[in-house]
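Novice: Sharing a structure here in structure tokens format.
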Amino acid sequence: MNEGLHQIRYRWTERSLLGERGMGPVESSLPQAHIEAWDALLRDHVWATGPEPAFTYLWSGEAGALIRKVTTAGGGRPGSSAHVLVGGRFLSPKVAIGLTTWTGWDAPELTEVPWSRLAPAARQGIRDVRRRSRALAPDRLAVLVAHLLSASGEPFSVLAEADPLAVVMAFTDLVGRPAGFATDEADDNGTSMPEAVFLKEAPFSTTIAARRRLMAQVSPADAELHTFADALVRAYRMQGRDGVARVRLATPPGDAAEAHAWARRAQFRPGVLADLTRLHLLGTDILRELAADPGPVTAAAITAPAADLAYALGQAVPEPLSAGLVTAALRRAVPPDGDHTLLEALAKHAPIGPGLLAPYLPVDLDRLAYVTGLLLSREDRLSVLTGAVAALSAQDLISWIGERATDDPDAAWAGFHQMLDRVPGLARPDLDALVRSQLLAVYLRAVLGSPPDVARAAAMLLAAFPEGTHDLGTLTPLIDHGDPAVLHAVETVVADPAVRDAVLRRIRFSFYQAQRLPPPAPPQPAGGDAPGGSRWPLGRRRRSANDRTAT
Amino acid sequence: MTGPRNGGATVVECPICARLIAWDTAAPYRFGPDNQPVALTRQPGESDHSWRDKLRTAYRPCGDVRQPGTHLLPYDYADYAPVTIGMVGHSKAGKTHLLAAMIGRLCSNDPVLSRLGLSVAPLDLRVHQRYMADLVTPLTVHRRQLPDTQANARVEFCDALKITNAEGRSFSLTFFDLAGERLARAQDDEVRFYALADALIFVVDPESLPARPRQGATGDVSFDVALHHLESRDRPRGSGFKPVSAAVVVAKADLIRFSDRVVSDWLARGGSDEEVELSTVEQESEDVYAYLSRRGADAWLRPAQQCFRSTLHFASATNGPAVGGGFDAAFRQCRVLKPLLATFAMTGVLPESMFGPPGPSAGDGPPR
């Protein structure tokens, strides 16, 4: 963007820079060698029709040219004078529109102008002209846009428009055309005329026009394109370019058939742009009609940018439409590589029904735990996750519970429920693995917190153990662990005296241990040493107060 | 350029694009309100009189009306002998003012024209009215300077007249007046009237002539382009001349009237009677030729030297320069009709014998 634009001035002369008589280049910042090539492009476009400045923008294939021209009288024969900016790939149609308000027109000296000096003027000009574009009478503009769509791929002329630049800007913003324009011409004849030519009136001629003429006073024959154009214009008027950004094509339609295809693709129904971000702006009646057939909205939600769908999810729209958006968002958000923005937007609609999630299962359990945590009620999540972990082996299930016990206790609880269902049928190795695991003692405590709850849950699990397994052979690892809640559960559930005796022993052991007492030695047979006898370790007796005073 | 072909069917060349038209089968059209063609159909039960009346303002296309670039010609264009006349000269030579003045005079209904037995009427009423409103009236009535003819203007005839001579023979006259910048282009595929032109009026701008002989003046590029285009046409049998009638007109002659006595004398003889007296043309031609030679303007004499028939004239469309975009009280047209009448005589609209010695009622002889 360090390039600059060159300037050329045209007016009538006895001898131009090219040595010719007539309207020609009389001054330029360009090297002489380049003027002739530019003149071949410019010479038919430097003629003005009135004293008010008119602008013509041309594209050479490699660079642009913007011509500002006025009629001159000056006491002599009425003629034309033109000032041209040429060169620069960045001199696009839109930049050209912006530069029409440049203050450097008609400067006395022509020099190369660096783009850095022009860019601010172009940006400001674009803003100014776009403001006028959005203020154009919408019905009139819609008619013109409909005509333009009907004439897709063809050069065209526009008759009797008061603000041609504003219309060009609107066309450019809405349809992406024209690639070249002339804001005020007496005639639209000639093969070198730019794509869009504005005429104050239909030129008088005996020759059939070479181009389509668009007139706001003539109703478009194509109702479908008119309706679409109307929707485009109203969105543009309300929100500017953003209003149509979601439906605009990357390249303008090449013919009327493509224009129709675009119109169908770009509307939920005739007159309603297929733009999820504008759903909430629609009138109640239109929303009701869309709600009666939410298919198009749902279909658009599937392909729309995630940010747009997320935005739409955050707006208030009637239920059938909202459900369609949620459905589409779920489809795009639930898979492991699903969109996080959508998931967050969906969370605002939580809790959703578990049935909505069902079509997107099975899915990775970690992802499911995350997704269900955001979207489902606790009850529904418990149900979904309980079912989802059914496929895990007993040992994997125990691990899964353990991994979530601290950070996602609800998911771990679902795993526990699955384990409850499965315990009655567990094979011996799995049962052994279970009682040796930390499920009952550590994980349940992490999940449930309070010992009474842990005891109840553990009791439920123990109660479900296969018949004949409430014995020391099975339960010893649990008892040895010594967790009070687990011991409580065992004592609650198991009737086997040996087991219960082992529990009591473990309790006593724990009790003494808590007092830093060693396990009591079994009683000696009669005649043995009395406690406090010679085997008492004197050195470890606590000293009394009397002992201290004695010293 | 009309001629029978295919067992008597009339084939006409479009004066604008030279396309051949099967005239008898070309359907009639009218211009709609948006200047687009609308097919003209005869209503059931419509009387001949009504239908003929409609056809008087109808057109025939030179091709498919759905195709851009097709031209619409007056419905009766080929009923008369077509004569195409083009203006040639560089930018601001004075072509537009001269032609507007010529047509203004031709259509003025001046009684002297009836002495020639000529009656003039619009051939394309629509085009003629436009031409009168845009050019003739502003110049001759409002005395306003006409704007530049733009080089991007459509290439088509600017006026079309039906002219009938004393023998009752009618002609379709079409006039072309393009910008000098355009006429100077060596290649311009849209400018095709050279291929058909019966006469060219070469307009010499006295302000661009060399001040003295042997100044190395190269002439008017547009003259060279026109003469070059004529090379492609068949030459008259047994001659090396270019097949076109040429009227070489030193326009804006008022600007040089005080620098050359001959010019002054001819302009002084610019009355109506003299203007229609073609017997003086030969003398005037000699004087103009001599004047241009004296000025070292030999390059401007090429049309007179190379064309099959040629005349030379002094004329002024305004009798003075414009001031502030208008003309002062001295404004009048001087000798503008004569070059046109000479052109008529060279193209058969008027009898060529009119160039001969004056009859008993003729005006004065050449000024000396």
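Novice: Report, by residue number, each residue of the stretch B:147-173 that is within 12 Å of another protein chain (Cβ to nearest Cβ) and among the hydroxyl-bearing types (Ser, Thr, Tyr). Write out each step before concluding.
Specialist: Restricting attention to the stretch B:147-173, the residues satisfying the condition of being within 12 Å of another protein chain (Cβ to nearest Cβ) are B:147-160.
Hit for the stretch B:147-173 is B:Thr149, nothing else.
Novice: Filter the stretch A:201-257 for residues that are among the aromatic types (Phe, Trp, Tyr) and part of a helix (DSSP H, G or I) and give the result. Steps first, please.
Specialist: Restricting attention to the stretch A:201-257, the residues satisfying the condition of being among the aromatic types (Phe, Trp, Tyr) are A:204, A:228, A:236.
Those that are among the aromatic types (Phe, Trp, Tyr) and part of a helix (DSSP H, G or I): A:Phe228, A:Tyr236.
Novice: Pull up the stretch A:6-31, narrow it to residues that are out of contact with any Lys or Arg (no Cβ under 8 Å at 6 or more places or on another chain) and over 12 Å from A:His83 (Cβ atoms), then point me to the one that is nearest to the other protein chains (Cβ to nearest Cβ).
Specialist: Here the answer is A:Glu20.
Novice: Would you mind listing the strands (runs of 3 or more DSSP E) fully within the stretch B:13-100 where at least 1 residues are among the hydrophobic types (A, V, I, L, M, F, W, C) and buried (at least 19 other Cβ atoms within 10 Å of the Cβ)?
Specialist: So the answer is B:20-22, B:72-74, B:81-88.
Novice: Which count do you get for residues in the stretch B:96-132 that are out of contact with any helix residue (DSSP H, G or I) (no Cβ under 9 Å at 6 or more places or on another chain) and within 14 Å of chain A (Cβ to nearest Cβ)?
Specialist: Result for the stretch B:96-132: 5.
Novice: Can you go through A:Arg123, A:Arg117 and tell me which one is over 33 Å from the mean Cα position of the chain (by Cα) and closer than 24 Å to A:Gly87 by Cα?
Specialist: Just a single option satisfies the conditions, and that option is A:Arg117.
Novice: Just to be sure, is B:Leu267 farther than 30 Å from B:Ala330 by Cα, among the aliphatic types (A, V, I, L, M) and assigned to a helix (DSSP H, G or I)?
Specialist: Working: farther than 30 Å from B:Ala330 by Cα: no; among the aliphatic types (A, V, I, L, M): yes; assigned to a helix (DSSP H, G or I): yes.
The answer is no for B:Leu267.
Novice: Sort out which residues of the stretch B:133-146 are within 11 Å of chain A (Cβ to nearest Cβ) and under 15 Å from A:Phe204 (Cβ atoms), and write them in order of number.
Specialist: B:Ala133, B:Asp134
Novice: May I pose another question? I'd like to verify a number: residues in the stretch A:194-221 that are under 27 Å from B:Phe157 (Cβ atoms), out of contact with any strand residue (DSSP E or B) (no Cβ under 7 Å at 6 or more places or on another chain) and surrounded by 19 or more Cβ atoms within 10 Å (Cβ to Cβ), how many?
Specialist: The qualifying residues number 3.
Residue-by-condition table, conditions (1) of a type in the set (Gly, Ala, Ser); (2) away from chain A (no Cβ under 14 Å); (3) under 25 Å from B:Leu341 (Cα atoms):
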| site | (1), (2), (3) |
| --- | --- |
| B:Leu20 | no, yes, no |
| B:Asp34 | no, no, no |
| B:Thr41 | no, yes, no |
| B:Pro44 | no, yes, no |
| B:Val65 | no, no, no |
| B:Tyr75 | no, no, no |
| B:His90 | no, no, yes |
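Novice: Here's a follow-up. Considering only the stretch B:12-21, I want to know if a residue exists there that is modelled with pLDDT under 95 and over 26 Å from the mean Cα position of the chain (by Cα).
Specialist: no
Novice: Exactly one of these conditions fails for B:Phe223: (1) in contact (Cβ under 8 Å) with a residue 40 or more places away in the chain; (2) over 21 Å from B:Pro82 (Cβ atoms); (3) outside any helix (DSSP H, G or I). Give me its number.
Specialist: (3)
Novice: Let me spell it out: the conditions are (1) in a helix (DSSP H, G or I); (2) at pLDDT below 90, and A:Ala369 meets all of them except one. Which number is the exception?
Specialist: Evaluating A:Ala369 over (1) in a helix (DSSP H, G or I); (2) at pLDDT below 90 leaves (2) as the failure.
Novice: Is it the case that B:Ala217 is under 24 Å from B:Val288 (Cα atoms), in contact (Cβ under 8 Å) with a residue 24 or more places away in the chain and out of contact with any strand residue (DSSP E or B) (no Cβ under 8 Å at 6 or more places or on another chain)?
Specialist: Here the answer is yes, as B:Ala217 does meet what is asked.
Novice: Going through A:Ala263, A:Ala301, A:Ala329, A:Ala245 one at a time, which residue ends up being under 27 Å from A:Ala170 (Cα atoms), aliphatic (A, V, I, L, M) and surrounded by 22 or more Cβ atoms within 10 Å (Cβ to Cβ)?
Specialist: Working: A:Ala301 fails: under 27 Å from A:Ala170 (Cα atoms); A:Ala329 fails: under 27 Å from A:Ala170 (Cα atoms); A:Ala245 fails: surrounded by 22 or more Cβ atoms within 10 Å (Cβ to Cβ).
Of A:Ala263, A:Ala301, A:Ala329, A:Ala245, the one residue that is under 27 Å from A:Ala170 (Cα atoms), aliphatic (A, V, I, L, M) and surrounded by 22 or more Cβ atoms within 10 Å (Cβ to Cβ) is A:Ala263.
Novice: Shifting gears a bit: Of the conditions (1) within 14 Å of chain A (Cβ to nearest Cβ); (2) in contact with a Lys or Arg (Cβ under 8 Å, 6 or more places away or on another chain), B:Ala81 satisfies every one except a single condition; which number is it?
Specialist: (1)
Novice: Of A:Leu392, A:Leu426, which residue is within 29 Å of A:Gly355 (Cα to Cα) and aliphatic (A, V, I, L, M)?
Specialist: Details: A:Leu426 fails: within 29 Å of A:Gly355 (Cα to Cα).
From the options A:Leu392, A:Leu426, the qualifying one is A:Leu392.
Novice: Which of (1) under 30 Å from B:Ser108 (Cβ atoms); (2) surrounded by 19 or more Cβ atoms within 10 Å (Cβ to Cβ) is the odd one out, the single condition B:Glu286 does not satisfy?
Specialist: The single condition B:Glu286 does not satisfy is (2).
Novice: Given the stretch A:404-461, what helices (runs of 4 or more DSSP H) lie entirely inside it while holding 1 or more residues that are of a type in the set (Phe, Trp, Tyr)? Let's see the steps before the verdict.
Specialist: Numbers: elements: A:409-422, A:428-436, A:444-448.
Hits in the stretch A:404-461: A:409-422.
Novice: For the stretch A:274-336, which helices (runs of 4 or more DSSP H) that fit wholly inside it have 3 or more residues that are of a type in the set (Val, Ile, Thr) and in contact with a Lys or Arg (Cβ under 7 Å, 6 or more places away or on another chain)?
Specialist: Counting at least 3 such residues, we get no helices (runs of 4 or more DSSP H) at all.
Novice: Within the stretch A:35-93, which strands (runs of 3 or more DSSP E) (wholly inside it) include 2 or more residues that are within 14 Å of chain B (Cβ to nearest Cβ), β-branched (Val, Ile, Thr) and buried (at least 16 other Cβ atoms within 10 Å of the Cβ)?
Specialist: On the way: elements: A:54-59, A:64-72, A:79-86.
Hits in the stretch A:35-93: A:64-72.
Novice: Looking at (1) touching a Leu at 6+ places or on another chain (Cβ under 8 Å); (2) surrounded by 21 or more Cβ atoms within 10 Å (Cβ to Cβ); (3) of a type outside the set (Asp, Glu); (4) part of a helix (DSSP H, G or I), which one does A:Leu356 not meet, given that it meets all the others?
Specialist: The failed condition is (2).
Novice: Need pairs with beta-carbon distance below 7 Å; first residue touching a residue at least 24 places away in the same chain (Cβ under 8 Å) and more than 10 Å from A:Ala291 (Cβ to Cβ) and within the stretch A:308-326, second in a loop (DSSP other than H, G, I, E, B) and of a type outside the set (Val, Ile, Thr); sequence gap 6+ or separate chains.
Specialist: Note: pairs meeting the criteria are A:Asp308/A:Arg246; A:Leu313/A:Lys348; A:Leu313/A:His349; A:Gly314/A:Lys348; A:Val326/A:His349.
Novice: For the stretch B:190-211, name all the residues that are assigned to a loop (DSSP other than H, G, I, E, B) and either within 9 Å of chain A (Cβ to nearest Cβ) or closer than 17 Å to B:Thr149 by Cβ (or both).
Specialist: As a first pass, look at the stretch B:190-211 and keep what is assigned to a loop (DSSP other than H, G, I, E, B): B:190-192, B:196-198, B:205, B:209-211.
Selection gives B:Glu190, B:Val191, B:Asp205.
Conditions tested, residue by residue: (1) part of a strand (DSSP E or B); (2) among the aliphatic types (A, V, I, L, M); (3) under 16 Å from A:Pro178 (Cα atoms); (4) in contact (Cβ under 8 Å) with a residue 12 or more places away in the chain.
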position: A:Trp102; (1), (2), (3), (4): no, no, no, yes
position: A:Glu109; (1), (2), (3), (4): no, no, no, no
position: A:Leu118; (1), (2), (3), (4): no, yes, no, yes
position: A:Gln124; (1), (2), (3), (4): no, no, no, yes
position: A:Arg131; (1), (2), (3), (4): no, no, no, no
position: A:Leu148; (1), (2), (3), (4): no, yes, yes, yes
position: A:Ser157; (1), (2), (3), (4): yes, no, yes, yes
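Novice: What residue, among those in the stretch A:145-190 that are within 14 Å of chain B (Cβ to nearest Cβ) and among the aliphatic types (A, V, I, L, M), is farthest from B:Arg182 (Cα to Cα)?
Specialist: Step one: of the stretch A:145-190, the residues within 14 Å of chain B (Cβ to nearest Cβ) are A:147, A:151, A:154-160, A:182, A:184-190.
From the residues that got through so far, the ones that are among the aliphatic types (A, V, I, L, M) too are A:151, A:158-160, A:182, A:186.
On the way: A:Ala151: 31, A:Val158: 26, A:Leu159: 27, A:Ala160: 28, A:Ala182: 21, A:Ala186: 17 Å.
The residue in question is A:Ala151.
Novice: Sticking with this one: What is the one condition in (1) at the interface with another protein chain (Cβ under 9 Å from one of its Cβ atoms); (2) closer than 28 Å to B:Phe175 by Cα; (3) modelled with pLDDT of 90 or more that A:Lys200 does not satisfy?
Specialist: The one condition A:Lys200 does not meet is (1).
The values are calculated or read from the model by the stated rules, or taken from the named source; none is laboratory data. Note that the structure is predicted; figures quoted are calculated from it, not measured. All Cβ positions, even for glycine, are placed from backbone atoms using ideal geometry, and neighbour counts span all protein chains on display.
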